[in-house]
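The values are calculated or read from the model by the stated rules, or taken from the named source; none is laboratory data. The structure presented is a predicted model; accordingly, all values stated were derived computationally and were not measured. Neighbour counts are summed over all protein chains in view; Cβ atoms, including those assigned to glycine, are modelled from backbone coordinates with ideal geometry. Each accessible area value is taken on the protein alone, full model and side chains, heavy atoms only, with ligands, DNA and RNA left out. Shrake-Rupley method; radii C 1.70, N 1.55, O 1.52, S 1.80 Å.
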Amino acid sequence: QLPAVLPLPDGFAADASPGGPGCLTVGRRDDPARQRQDDQVVDLRAAGNVALFGAPGAGKTTALVTVAVAALRADERTRIYGIDAASGRLSTLLALPATGDVVPADDVDRTARLLGMLRDLIDAREAGAPPSSPVLLLVDGFGAFRDAYEHHATDGGVFASLIEIVRTGRHAGV
């Protein structure tokens, strides 16, 4: 019998996920009842959209960066975009060549342009344009983003654009 708590390694190899495209290995999970540790896999094709919740300092931004890296390991054609309404640390993704942009949420024009570009991409794919690559949109600090945009008519419909992307993007590879 194994000890009750196995120590996690300092790191792990995020190999291509066994479930195929859209399945991301994002870490390890402990299963004490079975005395084992397994890969934590997120299947974006099945789940569609994923929300991460936690207290300040709980690691939400780190988890988003991990998801981005896992997406690239699963499919190197993945394109990453982000909106940072939190700490500004999501901009670390700009060092990756697959990152199109990470915009600060308080930059209304850039945020609106990014979401408009993604809506246009979804529209083109729904009209028959073949998806050339998966697209991952990460929003860090969704609560702050919602507070800034949900009820403000002067922003050009930024919040509505995000909701439309969430609603329709899954079937278009976004």
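Remarks
- Hz values of 3J(HN,Hα) by residue in segment 40-52 - Karplus curve (6.51, -1.76, 1.60), Gly and Pro given as x: 8, 10, 10, 9, 5, 5, 7, 7, x, 10, 10, 10, 10
- From phi via Karplus (6.51, -1.76, 1.60), per-residue ³J(HN,Hα) for segment 123-140 in Hz, x at Gly/Pro: 4, 5, 5, 5, 7, x, 5, x, x, 7, 6, x, 10, 10, 10, 10, 10, 9
- Rounded to the nearest whole Hz, the Karplus-based 3J(HN,Hα) values (6.51 cos²θ - 1.76 cosθ + 1.60, θ = phi - 60°) of segment 74-89 follow the sequence 6, 8, 5, 7, 4, 10, 10, 9, x, 10, 10, 10, 10, 7, x, 6, with x at glycine and proline.
- Distant-in-sequence amide H partners of residue 136 (H built 1.01 Å from N, under 5 Å): 79, 80, 81
- Computed over the chain, the ratio Rg/Rh where both radii use C-alpha atoms and Rh is Kirkwood: 1.01
- Estimated FRET transfer efficiency (residue 95, residue 31; beta-carbon r; R0 30 Å; 0.05): 0.30
- Probing with 1.4 Å while keeping every protein chain in the model, the per residue accessible area of the chain equals 58 Å².
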